[in-house]
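The values are calculated or read from the model by the stated rules, or taken from the named source; none is laboratory data. Nothing here was measured: the structure is a model prediction, and the numbers come from that model. Here the Cβ positions follow ideal geometry from the backbone for every residue, glycine too, while neighbour counts run over all protein chains shown.
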4 protein chains.
Amino acid sequence: MAAVLMLRGSARLLYKHRKVRAASIAMVCSRAMASKTPVGFIGLGNMGNPMAKNLVKHGYPVVAYDVFPEACKEFQDSGAQVMDSPADVAERADRIITMLPSSPNAVEVYTGANGILKKVKKGSLLIDSSTIDPAVSKEIAKAVEKMGAVFMDAPVSGGVGAARAGNLTFMVGGVEQEFDAAKELLTCMGSNVIYCGEVGTGQAAKICNNMLLAISMIGTAEAMNLGIRLGLDPKLLAKILNMSSGRCWSSDTYNPVPGVMEGVPSANNYQGGFGTTLMAKDLGLAQITATNTKTPVPLGSLAHQIYRMMCAKGYALKDFSAVFQFLREEENL
Amino acid sequence: MAAVLMLRGSARLLYKHRKVRAASIAMVCSRAMASKTPVGFIGLGNMGNPMAKNLVKHGYPVVAYDVFPEACKEFQDSGAQVMDSPADVAERADRIITMLPSSPNAVEVYTGANGILKKVKKGSLLIDSSTIDPAVSKEIAKAVEKMGAVFMDAPVSGGVGAARAGNLTFMVGGVEQEFDAAKELLTCMGSNVIYCGEVGTGQAAKICNNMLLAISMIGTAEAMNLGIRLGLDPKLLAKILNMSSGRCWSSDTYNPVPGVMEGVPSANNYQGGFGTTLMAKDLGLAQITATNTKTPVPLGSLAHQIYRMMCAKGYALKDFSAVFQFLREEENL
Amino acid sequence: MAAVLMLRGSARLLYKHRKVRAASIAMVCSRAMASKTPVGFIGLGNMGNPMAKNLVKHGYPVVAYDVFPEACKEFQDSGAQVMDSPADVAERADRIITMLPSSPNAVEVYTGANGILKKVKKGSLLIDSSTIDPAVSKEIAKAVEKMGAVFMDAPVSGGVGAARAGNLTFMVGGVEQEFDAAKELLTCMGSNVIYCGEVGTGQAAKICNNMLLAISMIGTAEAMNLGIRLGLDPKLLAKILNMSSGRCWSSDTYNPVPGVMEGVPSANNYQGGFGTTLMAKDLGLAQITATNTKTPVPLGSLAHQIYRMMCAKGYALKDFSAVFQFLREEENL
Amino acid sequence: MAAVLMLRGSARLLYKHRKVRAASIAMVCSRAMASKTPVGFIGLGNMGNPMAKNLVKHGYPVVAYDVFPEACKEFQDSGAQVMDSPADVAERADRIITMLPSSPNAVEVYTGANGILKKVKKGSLLIDSSTIDPAVSKEIAKAVEKMGAVFMDAPVSGGVGAARAGNLTFMVGGVEQEFDAAKELLTCMGSNVIYCGEVGTGQAAKICNNMLLAISMIGTAEAMNLGIRLGLDPKLLAKILNMSSGRCWSSDTYNPVPGVMEGVPSANNYQGGFGTTLMAKDLGLAQITATNTKTPVPLGSLAHQIYRMMCAKGYALKDFSAVFQFLREEENL
């Protein structure tokens, strides 16, 4: 709901840019009319696979590619068409979604020897749902623009479960006139699609949210642990925080202390959820981004270090709320 | 509401302790019956003054003391009675509330040469609303107990405005059977009175909440600042955070970025609100408490240092959300 | 040498105070003349035991006490005399050295029910070699002064080995005229005896040194670890640092990387040396001291948290240079 | 001296690679024989200008380039030859030194439209003395190698004064057989030339040293400030640290407290020396490098944030030891 309300203001902006972007809008329209033409999907990993399958469910013919043959095979068996390279995908589809693990993979898939840009059609819409450095998104966008196509960054929040259920949140950056075209596809895979601004702002929004999430999760773990050692009952302390100014998503929706809430990773030995290694990766992006923009992020920076240490201490695959367990261990002489 | 619900379970506990505590309960009852007998109040500062006046408004005869004669004078002019020392207050009243700036003051007022304990009556109920080290609360409680009286710690959340309006939140630690007696008085000054557990847990709850508050406030400031530098509109970013896992009280109720919300200190040049120097004090208590219990609090510790540096850089009297301003300043060569 | 040079300026100060302190100086002289009269020693732990034995070796009759009977027994077997309480020690000796684990122990030994002050003789010289909060040292000093005796704080640097070998370093705080009297005893146990200033400055010097030590040790571990991961040979990197501005005691004398130096704990699986739990204790003192004086110590504070986490992760009894091992562990998915 | 000793082991390695690298060694020899042939120099800023002039002083004909015409003009007036682009420099000289402010500049100068690689001669020796991300050094090295030339990274330590005096320290990474050829030139500008290992290790050594330097400088400032507030005389405290385990270059050679030492920036209102903004830049590189190699650097990371905040608070152009001033400011209510 909030997401919908937030997007109202756009209509006027659209108008303002109309003349300048006339040609580009025309291309968008032709794409929109042919909405069940093939959609490309590159990157069939834990997230990409269920996302692509949701496109298929919504009636889109999907032409796909993954660097791992097994990932392609599994997807092909489910009835979709698999290509030999990103370039080949771009030859067949003028709307392509990419879902890749990191910046160098994204650069390779777009600008590599057999990359999308080798055979991309003019007017194509290329949407990257990877979580990468927004500076890299901007560079890719420039290269895409030179080929007469359109690039948007649209990283997701929500994990594998949300990918399967089709209720991811997409944070989208790019030319606003293209947002509707992107939204048409993204709503097949997510329940919230939020327009954030120019290229890179989708990444920026995700990185900022996850940095604050990491900080408040560690803060919640510290506060709960300290309170428990000072004699407070954990459930009572959680209730007090949640009716006070310490309240946050990590305390009221995803409490890291076993026994306080049900249905969260802390109730299940920190299995499932959002892995510590993924949080460490996102915090690394926040760090690099902050370094490059000379922005001080003292707590974000320390949160990064803590999740990095946790990875090295065996918590890499546990949910990131396991920081409570990491901090609570007692000294045993 | 939540606060009320949370306190239900107490009845049975009360029963369980009944025999053991018969004498003490009897004393409580005699106090309760004589509810409009004088109430002592020691510490008539920015917070104590309006609190004591709310007791007067509710019909309690107040006998008061403050170390500063002007504070006494002002209070006397409003019709209350002023004593020469804490001991004299204790001679006149068997229910006393103390509201003092720091641990050493509290120790002095209770155990000093003219302290409460010099003339305290057996069975008196002594409630300390100062924010101090819970270990000091426990020591005072022991000394009080030796004199046959009862001590509870009941620090508040909410500032001068809430003190005037009588809607503070009290977090109360001490013997549970005495909680009702304490609540009778505290509800004259606050809208939430929460029982937290044994002596010291009121302090513990407050310290933990404020530590988490400081962490999530700085985190919000960092995330908003980074997002703005990456090209995001501040209002839009706040909306995204507030519908996502980064949501916290500091982002959705007390946003530190000017222009995002109305009616908060960031909309008023960070005036009013909760001063940076007070936050630094509470974080210092968290730090000492964590050190003494060997509890790791890496982010709480860094938050303390940041608020300490802010105090030295001229932010002492600004609201603690001014950390956004502190962090956003640009490098000018 | 440096230590000796540093103490020159004292003569004039001595003169300046002469009249005021005439009585006290007279007492010192009578103590000095009777230098082989009994010396009290309280606290016969890992450090205290060898220190007391060095006094015996130098011909001083030692009357001792420890709260653990076994510690007393062992010491008695070596020919010394053991008392039943600190008070009894004070009855027999007018020069007493205390070596205790923490602030509360020191308070108890001096001011407790059977504490030194119960039977201390006027003019006695009481030297506390424990590492405690300088604020506590000052409080004890006041209580001692009230009894007409003299108190000095004289914490040590150097571990059990240095205690046995008699080459500890003592950092001494207290009235300067008493320094020579203290030095007479301390030189039996240490090779460096440094006068630091008024009471509490011995503790201050030790705390500041150890805080800087912890910071530069962790910094060395981080820099070495980063360099190794970037392809540098550890010995070569250590050499470069040691001829450059990164040089520090932790890099050139006590390098934390196995294989870089011989004869240090890192060459022996981090056994021996200065335990992580002791470093964490000293950093806790630095933290409390900094908090109480409103001094920002961001790196000192984080160093404290890191050593606290190491304690909880099984490093409590390893040498504090094991932070290299703690940080270098690799992520294993 | 240490630097010299450290390089002994190389002879055998040289032998081992002899056959493989025969051609390349031949080229080196021809270069070495013609040692007074022109040397290229690109980047005539505060550091590059005096470095290039030292080459001229040693009899090398220098052909130079800088992106700023004024910098070229000034250099030309001193008798050297100036080219129109890096490519033109490469056409004239088969040994080129580059000294540039950051990674993007280095990439542009080597691989840009008029970059060195457009006209580089086979067998040329290209030495980059910029301080940049070692990963970028490796990428440039690959591009250089493809053109049949040799690349070495050789960042410097020592500031403008050392550049003028010709006593910089160079930390060199690259193929070991080329080290002698590089050293021939670098010794004209520096007194220490240290071989660190393969390409990128020069950068790595510099980054690690400066990270440790920043950490121990802040640590020294914190320890000195805390000690002073606890009543210690700054000179005495410095002496104690310097004879103890807290000793480091920042405490014994470059003490940040005014009045402790002469001839250092702290004695001159923190003017001259190594600017805070440069330290922040190097710490940013350390941060990016650590993030990319998943290396935990908690103190390095916090040091980065502190220098970043200092830049925003008006310390950008002061010497980095001004962190003492930044931390010592007192709270004024």
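Side notes on the structure shown:
- The residues of the stretch A:108-157 that are out of contact with any strand residue (DSSP E or B) (no Cβ under 8 Å at 6 or more places or on another chain) and acidic (Asp, Glu), listed by number, are A:Glu108, A:Asp133, A:Glu139.
- Looking at D:Lys183, D:Lys121, D:Lys146, just one residue is within 19 Å of the chain's Cα centre (by Cα), charged (D, E, K, R) and more than 21 Å from D:Leu278 (Cα to Cα), and that residue is D:Lys183.
- When D:Glu178, D:Glu184 are checked against the criterion of being surrounded by 20 or more Cβ atoms within 10 Å (Cβ to Cβ) and not in a loop (DSSP other than H, G, I, E, B), D:Glu178 stands alone in meeting it.
- Which listed residue, of B:Asn255, B:Asn268, is away from chain A (no Cβ under 11 Å), surrounded by fewer than 19 Cβ atoms within 10 Å (Cβ to Cβ) and either of a type outside the set (D, E, K, R) or touching a residue at least 40 places away in the same chain (Cβ under 8 Å) (or both): B:Asn268
- Hits in the stretch B:85-137 (condition: outside any helix (DSSP H, G or I) and either on the phi > 0 side of the Ramachandran plot or of a type in the set (Val, Ile, Thr) (or both)): B:Ile96, B:Ile97, B:Thr98, B:Val120, B:Gly123, B:Ile127, B:Thr131, B:Ile132
- Of all residues in the stretch C:59-103, those satisfying the criterion of being of a type in the set (Ser, Thr, Tyr), farther than 13 Å from C:Val39 by Cβ and buried (at least 19 other Cβ atoms within 10 Å of the Cβ) are C:Ser85, C:Ser103.
- Residues that are modelled with pLDDT under 95 and polar (S, T, N, Q) within the stretch D:81-118 comprise D:Gln81, D:Ser102, D:Ser103, listed in sequence order.
- Only one of the listed residues (C:Ala113, C:Ala87, C:Ala141, C:Ala135) is within 14 Å of C:Phe41 (Cα to Cα) and assigned by TED's automatic domain parsing to the domain that holds C:Asn49. That residue is C:Ala87.
- When the stretch A:205-250 is filtered for residues that are facing chain B (nearest Cβ under 7 Å), in a helix (DSSP H, G or I) and either more than 20 Å from B:Thr220 (Cβ to Cβ) or of a type in the set (D, E, K, R) (or both), the ones remaining, listed by number, are A:Glu222, A:Asn225, A:Leu226, A:Gly227, A:Arg229, A:Leu236, A:Leu237, A:Lys239, A:Ile240.
- Enumeration of residues in the stretch D:311-322 that are more than 7 Å from chain B (Cβ to nearest Cβ) and within 22 Å of the chain's Cα centre (by Cα): D:Tyr315, D:Lys318, D:Asp319, D:Phe320, D:Ser321, D:Ala322
- Output for the stretch D:82-99, where each listed residue is among the hydrophobic types (A, V, I, L, M, F, W, C) and in contact with a strand residue (DSSP E or B) (Cβ under 6 Å, 6 or more places away or on another chain): D:Val82, D:Met83, D:Val89, D:Ala93, D:Ile96, D:Ile97
- Flag for C:Ser78 being among the hydroxyl-bearing types (Ser, Thr, Tyr) and modelled with pLDDT of 95 or more: no
- Positions within the stretch D:192-204 being buried (at least 24 other Cβ atoms within 10 Å of the Cβ) and either in a helix (DSSP H, G or I) or at the interface with another protein chain (Cβ under 7 Å from one of its Cβ atoms) (or both), in sequence order: D:Ile194, D:Cys196, D:Gly200, D:Thr201, D:Gly202, D:Gln203, D:Ala204
- Scan of the stretch A:146-175 for residues that are of a type in the set (Gly, Ala, Ser) and either under 23 Å from A:Asn210 (Cβ atoms) or buried (at least 21 other Cβ atoms within 10 Å of the Cβ) (or both), ordered by number: A:Ala149, A:Ala154, A:Ser157, A:Gly158, A:Gly159, A:Gly161, A:Ala162, A:Ala163, A:Ala165, A:Gly166, A:Gly173, A:Gly174
- A Cβ distance below 6 Å, combined with a sequence gap of six or more or placement on separate chains, defines the contacts here; from the stretch D:289-318, residues that are in a helix (DSSP H, G or I) reach residues that are surrounded by fewer than 22 Cβ atoms within 10 Å (Cβ to Cβ) and among the acidic types (Asp, Glu) in the pairs D:Cys311/B:Glu331; D:Ala312/B:Glu329; D:Ala312/B:Glu331.
- Filtered residue count, the stretch A:271-310, keeping only those that are more than 8 Å from every other protein chain (Cβ to nearest Cβ) and among the hydroxyl-bearing types (Ser, Thr, Tyr): 2
- Only one of the listed residues (A:Gly197, A:Gly227) is touching a residue at least 24 places away in the same chain (Cβ under 8 Å) and either at positive phi or assigned by TED's automatic domain parsing to the domain that holds A:Ile306 (or both). That residue is A:Gly197.
For (1) touching a residue at least 40 places away in the same chain (Cβ under 8 Å); (2) outside the structural domain of D:Ile132 (by TED's automatic domain parsing); (3) under 21 Å from C:Arg247 (Cα atoms); (4) among the small types (Gly, Ala, Ser), each residue gets a yes or a no:
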residue: D:Ile215; (1), (2), (3), (4): yes, yes, yes, no
residue: D:Arg247; (1), (2), (3), (4): no, yes, yes, no
residue: D:Ser250; (1), (2), (3), (4): yes, yes, yes, yes
residue: D:Gly263; (1), (2), (3), (4): no, yes, yes, yes
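- Residue within the stretch A:158-168 that is in contact with a strand residue (DSSP E or B) (Cβ under 8 Å, 6 or more places away or on another chain), polar (S, T, N, Q) and in contact (Cβ under 8 Å) with a residue 40 or more places away in the chain present: no
- Selection status of C:Lys138, more than 21 Å from C:Ala286 (Cβ to Cβ) and not acidic (Asp, Glu): no
- D:Arg328 in contact with a Leu (Cβ under 9 Å, 6 or more places away or on another chain) and either more than 9 Å from chain C (Cβ to nearest Cβ) or within 30 Å of C:Val172 (Cα to Cα) (or both): no
- Some residue of the stretch B:2-10 being touching a strand residue (DSSP E or B) at 6+ places or on another chain (Cβ under 7 Å), modelled with pLDDT of 95 or more, under 25 Å from B:Gly158 (Cα atoms) and of a type outside the set (S, T, N, Q): no
- Residue that is over 26 Å from D:His304 (Cβ atoms), β-branched (Val, Ile, Thr) and modelled with pLDDT of 95 or more, where the choices are A:Thr289, A:Thr276, A:Thr253, A:Thr295: A:Thr253
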